[in-house]
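Single-structure report; data block below.
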Amino acid sequence: MLPTDALATLEGALAAAAVACYPQAPAPDVTFEAPRRPEFGDFSTNVAFSLTKIARRSPQDVARALIDAALAHDAGLRVLFSSIEPMAGFINVRLAPASWHAVLARILREGADFGRGEKTGTRISLEFGSANPTGPLVVVQGRTLSTGDTLAKTLRFRGRDVFVEWIINDAGSQVDTLGRSIYARYRQILDPSYPFPEEGYPGDYLRPIARAIYDRDGEDWVDRDESAWLRHFSKFGRDELVAQQQRTALRFGVHYDLWQSEKEMHDQGRVTAGLQRLIDLGATYEQDGAVFFRATAFGDDKDRAIVRSDGRPTYYAADIAYHYEKLQRADRVIDILGPDHHGYIGRLKGLAAALGYEGKLEVTIAQQITLMRGGEQVSMSKRAGDIITLDDILDEVGVDAARFFFIMLSLDSPLTFDLKLAVEQSAENPVFYVQYGHARIASVLRNADPGDCSEAARTTALDRLDHPAELALARRLAELPGVAEGVAVHLAPHRLARYARDVASDFHQFYTECKVLGDDRELRIARLALCIATKTVLATVLELCGVTAPESM
RNA sequence: GCGGUCGUAGCUCAAUUGGAUAGAGCAACAGGCUACGAACUUGUAGGUUGGGGGUUCGAGUCCCUCCGACCGCACCA
């Protein structure tokens, strides 16, 4: 019997025992969790605490009574569990090894599908990475891209329908600024002293774009007025930079279902439609010829302008329309924003509330990344022109190390990243530890007799696995579905990275203590089966992390 | 000033969302290969969870209040 089924049986028995022993108390909800410390058993429940007040007895006594009653009622529990003990008020249990063997057999049977969730029917809109099309992707986007993509994969793995989107902020004045910047670079090809606009985007990354225009059009634009060239240069730059951003995302292994142009939304009248909805709901007012969203009525700390007094919509207007569309087509809308967007949380949540979708929108901020090089802080401002691009990082440490590194930390936590250290210590990145585990298993399987391997891949004869390291590893592998679900529910991809390390660690320990390819055939097959199951789980986790699972390294 | 995130071992971070003796990795120290990959492993040491109150069987987690860091606070995007 699988651990989950065994636990469900025990939960039912304990709940019944609670009702029998303490009929005056409301029926408690009995749930088992894996305790932090292994010596507390495989699983643990705190149900006794909830009954102490009414029972007027210590949690320890209550726990004892519940166990006795449950065992008296169902003697079969003694077979499923090797121990059921009260300890400090908790009820700690240890499963019979057969349950862990059953999990291994299941992993072998299901392969890459082990841990996959049933379709839930939940539609999720996930937006992350969105940026102005005025420059290459930078380090902080490495964090949102890694996190967002891993979340998308994990949510899908756990049965959600996920729609991944990026919004291109190409409707505002920054695109004109981009056009003027490129034009200056274009003129500088002929005259290096040509002035660069004060508000322009510095750095050298616009020079190749200017060069491309020059190669195609020659000096056609030199003597023209801004009104003639601006549109052209802006659009060319915007298209080129969006394409660059898309290439970088792809290189990073991140796929989008939709790159939504903000300008397109304006052109198609969708922004106006979204605003109209807000106006119809009475959530707006006019002041000095401008239109404001009454955000303070919905928890924001300030009302927000959505239409300027000259009639042009603000950026927020497009945000409103876009989120309105997303809220209509999804059950759960998730935004992962950069660290300079703290002010957005209030207004976006207020917006969802005003539109009648309170609670459906989750806004998460990826905290800041401080980039260091050899102990000195590196400026990452696009303004300063001295930018470290995501591509630079990928060139230095590779996709695998970068992907893993960026999801290792909770989004809530600010992150310090020393480039020099990253290069020097890339071998210390835990991703290599995990990948090594996978490669090591592959090596064992290569050394094994092929006949043994194919038999192990199908076997259910796993009774010989009784070494503590074997059972600990099996128990760890069994956690995969729960870990993945936790990542999906709490939007916490760093748990995958942690879990991957734990699996690898348990494997290395098993490998150190237990010889796989020994003379005892029955034991050899069982241990090979454990290796195969471990390799399967590692491959699944690495896949969710967007990291390759190498056969050798 | 207002708001938003945070503050945990020397460093980088966890802590199953209120559970047990707060855990890992680096770095430090001491061990382990004539065994399937030592890119591994075993152990030691390291803490008043920024300070102080409160809520309760129980607080790193929730509330209040100070201190500190970062980020926002446009009819820019």
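The values are calculated or read from the model by the stated rules, or taken from the named source; none is laboratory data. The structure presented is a predicted model; accordingly, all values stated were derived computationally and were not measured. When we count neighbours, we look across all protein chains shown, and the Cβ atoms used for this are built from the backbone with ideal geometry, even at glycine. Note: areas computed on protein heavy atoms with side chains; ligands, DNA, RNA excluded. Shrake-Rupley method; radii C 1.70, N 1.55, O 1.52, S 1.80 Å.
Of all residue pairs spaced 6 or more apart or on separate chains, those with beta-carbon atoms under 7 Å, a first member in the stretch A:88-99 that is part of a loop (DSSP other than H, G, I, E, B) and a second member that is among the aromatic types (F, W, Y) and within 6 Å of RNA strand B (Cβ to nearest atom) are A:G89/A:F49. Annotation note: of A:Q260, A:Q245, the sole residue that is touching a residue at least 24 places away in the same chain (Cβ under 8 Å), open to solvent by less than 50 Å² (accessible area, probe 1.4 Å) and in a helix (DSSP H, G or I) is A:Q245. Residue count for the stretch A:109-123, restricted to those that are in a loop (DSSP other than H, G, I, E, B) and surrounded by 13 or more Cβ atoms within 10 Å (Cβ to Cβ): 6. None of A:R238, A:R216, A:R211 is open to solvent by 20 Å² or more (accessible area, probe 1.4 Å), part of a helix (DSSP H, G or I) and in contact with a Leu (Cβ under 8 Å, 6 or more places away or on another chain) except A:R238. Checking the stretch A:511-522 against the condition returns a match, with at least one residue being more than 8 Å from RNA strand B (Cβ to nearest atom), among the basic types (K, R) and either surrounded by fewer than 20 Cβ atoms within 10 Å (Cβ to Cβ) or farther than 20 Å from A:A401 by Cβ (or both).
Taking the listed residues A:L530, A:L477, A:L471, the one that is aliphatic (A, V, I, L, M) and either open to solvent by 10 Å² or more (accessible area, probe 1.4 Å) or within 11 Å of RNA strand B (Cβ to nearest atom) (or both) is A:L471, with no other qualifying.
State all residues of the stretch A:327-351 that are away from RNA strand B (no atom under 15 Å from the Cβ) and touching a helix residue (DSSP H, G or I) at 6+ places or on another chain (Cβ under 7 Å); if no residue qualifies, say none. Result: A:L327, A:V333. Taking the criterion of being within 13 Å of RNA strand B (Cβ to nearest atom) and crowded, with 17+ Cβ neighbours inside 10 Å, the residues of the stretch A:68-88 that qualify are A:I84, A:P86.
Checking each residue of the stretch A:133-141 against the condition of being among the small types (G, A, S) and surrounded by fewer than 19 Cβ atoms within 10 Å (Cβ to Cβ) gives no match. Candidates are the residues of the stretch A:289-309 that are modelled with pLDDT of 90 or more and open to solvent by 50 Å² or more (accessible area, probe 1.4 Å); the one that is farthest from the chain's Cα centre (by Cα) is A:S309. Pairs linking a residue in the stretch A:443-454 that is touching a residue at least 60 places away in the same chain (Cβ under 8 Å) to a residue that is in a helix (DSSP H, G or I) and surrounded by fewer than 11 Cβ atoms within 10 Å (Cβ to Cβ), with Cβ atoms under 6 Å and 6 or more positions apart or on different chains, do not occur. Looking across A:V503, A:V444, A:V541, one residue alone is within 9 Å of RNA strand B (Cβ to nearest atom) and modelled with pLDDT of 95 or more. It is A:V444.
If only residues of the stretch A:39-60 that are closer than 30 Å to A:A472 by Cα and more than 9 Å from RNA strand B (Cβ to nearest atom) are counted, the one that is least open to solvent (accessible area, probe 1.4 Å) is A:D42. Of the residues making up the stretch A:313-337, those that are touching a residue at least 40 places away in the same chain (Cβ under 8 Å), open to solvent by 10 Å² or more (accessible area, probe 1.4 Å), under 18 Å from A:S125 (Cβ atoms) and out of contact with any Gly (no Cβ under 6 Å at 6 or more places or on another chain) are A:E325, A:R329, A:D331, A:R332, A:L337. Quick one: A:T31 ticks every box in (1) more than 16 Å from RNA strand B (Cβ to nearest atom); (2) of a type outside the set (F, W, Y); (3) part of a loop (DSSP other than H, G, I, E, B); (4) more than 30 Å from A:C531 (Cα to Cα) bar one, so which box is it? All conditions are met except number (1). Residue-level analysis places A:A65 outside the set of residues that are open to solvent by less than 30 Å² (accessible area, probe 1.4 Å), part of a helix (DSSP H, G or I) and within 30 Å of A:E470 (Cβ to Cβ).
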